[in-house]
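Structure first, then comments.
The values are calculated or read from the model by the stated rules, or taken from the named source; none is laboratory data. Since the structure is predicted, the reported quantities are computational estimates derived from the model, not experimental observations. Methodologically, a virtual Cβ is constructed for each residue, glycine included, from the backbone with ideal geometry; neighbour enumeration extends over all protein chains shown. Side chains included, ligands, DNA and RNA excluded: accessible areas come from the protein's heavy atoms. Shrake-Rupley method; radii C 1.70, N 1.55, O 1.52, S 1.80 Å.
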Amino acid sequence: MSGALACFPRPEFSDALVSYDMITPIAALGLIERIHWKPAIRWRIRAIHLLAPVRAVDLVGPRGVMRALEAPRWALDFGFDLTLRAGPRDSIDAHESMFLRKARRLDPESGYLGLLELPATLKLASVDTSLDSAFDGPAQLDLGWLPFERVPKDPRRFRYFRARAVDGVVTLPQEGEGVFS
């Protein structure tokens, strides 16, 4: 996914829109669920690949001052599990086929990167696509604390994790590992 600009607003800045340094796992999950969501499955993002260096730019617009990300590009490594709500007709293969069918028909500019006025260009990559040499940036990059998921019983609160990119790849924590409320 890519775009001209992205802004994933940090809640601690009340007077200005200041973006996290990369797409949040919650926003990435929203883009995937927009393509295919059913109560029988739960999407999981395993890793986010940075395909372009993090570049912030300060802008003044209709919403006031905004610190956005300029020309961001990411690739997602994701999958899903069946939930307890899966029925006899639900299977991994069936949902995978539905997702791929919908993703191939998707208008490439049907999502957005944090704010409605910042369109995303979405492209389905092959499983065989190599992303190893796609990042031209530092070997290690600390991206700070990012919201990982909503707290289930209080959706206004988030659980956070420390995002570190190694060779352009941010590996997300597994269930309950390195995540703080």
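General observations
- Single unsatisfied condition, Gly114 versus (1) at negative phi; (2) surrounded by 19 or more Cβ atoms within 10 Å (Cβ to Cβ); (3) assigned to a loop (DSSP other than H, G, I, E, B): (1)
- Any hit, segment 135-156, residues being at pLDDT below 95, part of a loop (DSSP other than H, G, I, E, B) and surrounded by 16 or more Cβ atoms within 10 Å (Cβ to Cβ): yes
- Residue satisfying all of: in segment 166-179; touching a residue at least 24 places away in the same chain (Cβ under 8 Å) and over 18 Å from Phe8 (Cα atoms); surrounded by the most Cβ atoms within 10 Å (Cβ to Cβ) among these: Gly168
- Among residues of segment 53-80 that are under 30 Å from Ala139 (Cβ atoms) and among the basic types (Lys, Arg), those with a beta-carbon under 6 Å from a residue that is part of a strand (DSSP E or B) and open to solvent by 60 Å² or more (accessible area, probe 1.4 Å) at least six positions away or on a different chain give the pairs Arg55/Glu70; Arg67/Asp58.
- For segment 57-76, the condition holds for at least one residue, the condition being that it is within 23 Å of Phe135 (Cβ to Cβ) and loosely packed, with under 14 Cβ neighbours inside 10 Å.
- Within segment 93-111, considering residues that are surrounded by 10 or more Cβ atoms within 10 Å (Cβ to Cβ) and modelled with pLDDT under 90, the one farthest from Pro11 (Cα to Cα): Leu106
- Among the residues making up segment 4-27, those that are open to solvent by 20 Å² or more (accessible area, probe 1.4 Å) and either under 13 Å from the mean Cα position of the chain (by Cα) or among the β-branched types (Val, Ile, Thr) (or both) are Val18, Asp21, Ile26, Ala27.
- Restricted to segment 35-82, the set of strands (runs of 3 or more DSSP E) holding at least 2 residues that are touching a Gly at 6+ places or on another chain (Cβ under 8 Å) comprises 41-50.
- Residue within segment 86-98 that is in contact with a helix residue (DSSP H, G or I) (Cβ under 8 Å, 6 or more places away or on another chain) and touching a residue at least 24 places away in the same chain (Cβ under 8 Å) present: no
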